[in-house]
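Take a look at the structure below.
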Amino acid sequence: MRIAVDPSKCQGHNRCMIFAPDVFEVDDYGFATVQNPAGTVPEERVEAVRTAVANCPELAILVLED
Amino acid sequence: MTEIPVRDFDFHGPALDTIFDTYKELRDHCPVGWSDRYGGFWFLAKNEDIFNAEQDWATFSVAPSMLLPAFGTDEPMIPIDIDPPLHSAYRKLLLPLFTPRAVDALTPLVEETARTLADEVVKGEVADIGLGYARPLPSIIFCTLVGYPPEDWHMFDGWVDRIIYDRDVNPDESATAANEVRDYLWSLVERRRQEPPKDDITGRLITAQIDGRPITDEEILNYGYLLFLAGLDTTAWAIRSSLWYLARNPQDQERLRRDPGLISSAAEEFLRTMSPVQAMARTATKDVEVGGCPIKKGDRVVLAFGSGNRDEDAYPDPDEIIIDREENRHFAFGAGIHRCLGSNLGRREVIVALREFLDRVPPFEAVNLDEPWHGVGPLTVRFIREA
């Protein structure tokens, strides 16, 4: 799985940080990015990321490859 | 010409008693329609329509106010009644105080305050945990965050009740209370300008630069006023409504006691189904059609978050409170560029409030079954102690 956070959509709800704090990170204003610049999600974290995707109020987490 | 669907839709006061049935009827038969209340407004009841309107800030402006009716003043509240580009400059001022890291730093104070309040209300056999627990907790935390004198929180409830909860029936009283609050906030600003700098909300506001120029006195006041009305009763409502549910549903109360790990998802579910902010308003900046309805430039448009949060097209069993619901995107904090600035803190306060309460007090049950799910009024419970 490969993901990205769309910076034009993220509004800093930080729900992704609840479900996968080891995959996402937030800046000083609370806006999220994916820690791994390539966006690749380790196999064992795919389920947590799916939960984060489903809970993002802005639909800001893009699944580039499933 | 097609006929415009009309409903006598209201989202304040006693209308909230049965509003979930109202929402269902709207979603089924009138997902977009017109109400003559509060000067007349369109309402959007479907999750997808609300989401799209929230994203399209250029068409759905927050001027002159996101509130309908307004909060006792015609002054625009900052930042919620301001459109881009100024909006983002205002938000950036305070966003760093509400990140997950900043909220982590505040959490020990939230925990300690919750414990102190819980230990006090549990002393009797019966207690009003709305008055004794749900309301004071956010007010006390807010004093620290903003820089109000800690003992002042006792004055806040009366102001909030008059400005927010009486405004649909008594606008004059709401305006009087608004002036009292603005005078109070201004005296704090003047006092703080004489004192050494401190990094709290007031400290940041009085030294702020907006797009390279110093913030004006009026802006400081309109920002401080918004924070006063955004952070107190909303969090109190969320805590109270969660406890209201648990006082009436002993099985879920027992389940959370057994498995506190579920409190986070339970809090999210309570926020979805009993949102403190049931609706917010916009104003169309141009003619636009939604759901076949001809919204004209200048028309007010109410986004019924509470209805979107129970939309059968967005959630399985939308009216069921499922405390371990995993997929839970909702509008309790709004969405788009105006999403609640304090959502991280609000969520944390609700979770800590529930965790500490369940940890400190024995099982509790509702005493007065007439007390409604909504609002920040009394919540009377009896503690069930082993004989």
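The values are calculated or read from the model by the stated rules, or taken from the named source; none is laboratory data. From a predicted model like this one, the values you see are computed outputs, not experimental measurements. For neighbour counting, all protein chains shown are included, and Cβ atoms are generated from backbone atoms with ideal geometry for every residue, glycine included. Heavy atoms of the whole protein, side chains included, go into the accessibility calculation; ligands, DNA and RNA do not. Shrake-Rupley method; radii C 1.70, N 1.55, O 1.52, S 1.80 Å.
Which of the residues that make up segment B:188-217 are exposed (fewer than 11 other Cβ atoms within 10 Å of the Cβ), modelled with pLDDT of 95 or more and among the small types (Gly, Ala, Ser)?
none
Can you tell me which residue is nearest to B:ASP199 (Cα to Cα) among those in segment B:60-96 that are within 19 Å of the chain's Cα centre (by Cα) and in a helix (DSSP H, G or I)?
B:LEU94
Report the residue count in segment A:1-31 for those that are more than 10 Å from chain B (Cβ to nearest Cβ) and either touching a Cys at 6+ places or on another chain (Cβ under 6 Å) or farther than 26 Å from B:PHE331 by Cα (or both).
3
Looking only at segment B:15-59, which residues are farther than 24 Å from B:ALA70 by Cβ and either of a type in the set (Ser, Thr, Tyr) or outside any helix (DSSP H, G or I) (or both)?
Result: B:THR18, B:CYS30, B:PRO31, B:LYS46.
Within segment B:1-54, how many residues turn out to be open to solvent by 60 Å² or more (accessible area, probe 1.4 Å) and charged (D, E, K, R)?
11
Mind checking whether some residue in segment B:224-232 is farther than 16 Å from B:LEU341 by Cβ, part of a helix (DSSP H, G or I) and of a type outside the set (S, T, N, Q)?
The answer is no; no qualifying residue exists.
Exactly one condition in (1) within 13 Å of chain B (Cβ to nearest Cβ); (2) touching a residue at least 40 places away in the same chain (Cβ under 8 Å) is not met by A:LEU64; state its number.
Looking at each condition in turn, A:LEU64 falls short on (1).
Are there any pairs with C-beta distances below 8 angstrom linking a residue in segment A:1-29 that is within 19 Å of B:LEU345 (Cβ to Cβ) to a residue that is part of a loop (DSSP other than H, G, I, E, B) and β-branched (Val, Ile, Thr), with the two at least 6 apart or on different chains, and if so which?
Close Cβ pairs (under 8 Å, with a partner that is part of a loop (DSSP other than H, G, I, E, B) and β-branched (Val, Ile, Thr)) amount to A:GLY12/B:THR99; A:ASN14/B:THR99; A:CYS16/A:VAL23; A:VAL26/B:THR99; A:ASP28/B:THR99; A:TYR29/B:THR99.
For residues that are in a loop (DSSP other than H, G, I, E, B) and crowded, with 17+ Cβ neighbours inside 10 Å, scanning just segment B:340-366, find the one that is farthest from the other protein chains (Cβ to nearest Cβ).
Here the residue is B:PRO363.
Hey, any hits in segment B:117-135 for a residue that's open to solvent by less than 10 Å² (accessible area, probe 1.4 Å), within 30 Å of B:ARG193 (Cβ to Cβ) and assigned to a helix (DSSP H, G or I)?
No, segment B:117-135 has no match at all.
Among the listed residues B:ASP313, B:ASP317, identify the single one that is open to solvent by 50 Å² or more (accessible area, probe 1.4 Å), without any contact (Cβ under 8 Å) to a residue 24 or more places away in the chain, away from chain A (no Cβ under 14 Å) and assigned to a loop (DSSP other than H, G, I, E, B).
Only one candidate passes the filter, namely B:ASP317.
Does B:SER174 qualify as being open to solvent by 40 Å² or more (accessible area, probe 1.4 Å), in a helix (DSSP H, G or I) and among the hydroxyl-bearing types (Ser, Thr, Tyr)?
Here the answer is no, as B:SER174 does not meet what is asked.
Condition check ((1) in contact (Cβ under 8 Å) with a residue 40 or more places away in the chain; (2) under 11 Å from the mean Cα position of the chain (by Cα); (3) surrounded by fewer than 24 Cβ atoms within 10 Å (Cβ to Cβ)) across all residues:
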{"site": "B:SER242", "(1), (2), (3)": "yes, no, no"}
{"site": "B:ALA247", "(1), (2), (3)": "yes, no, yes"}
{"site": "B:PRO250", "(1), (2), (3)": "yes, no, yes"}
{"site": "B:ARG258", "(1), (2), (3)": "no, no, yes"}
{"site": "B:ILE263", "(1), (2), (3)": "yes, no, yes"}
{"site": "B:ALA267", "(1), (2), (3)": "yes, no, no"}
{"site": "B:ALA279", "(1), (2), (3)": "yes, yes, no"}
{"site": "B:THR285", "(1), (2), (3)": "yes, no, yes"}
{"site": "B:GLU289", "(1), (2), (3)": "no, no, yes"}
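Of all residues in segment A:41-59, which are open to solvent by less than 70 Å² (accessible area, probe 1.4 Å) and more than 10 Å from every other protein chain (Cβ to nearest Cβ)?
Across segment A:41-59, the qualifying residues are A:VAL41, A:PRO42, A:ARG45, A:VAL46, A:ALA48, A:VAL49, A:ALA52.
Quick one: in segment B:291-309, of everything that is part of a loop (DSSP other than H, G, I, E, B) and under 15 Å from B:PHE9 (Cβ atoms), which residue is least open to solvent (accessible area, probe 1.4 Å)?
B:ALA304
Tally up the residues in segment B:325-339 that are among the small types (Gly, Ala, Ser) and either more than 7 Å from every other protein chain (Cβ to nearest Cβ) or open to solvent by 10 Å² or more (accessible area, probe 1.4 Å) (or both), please.
Total meeting the criteria: 2.
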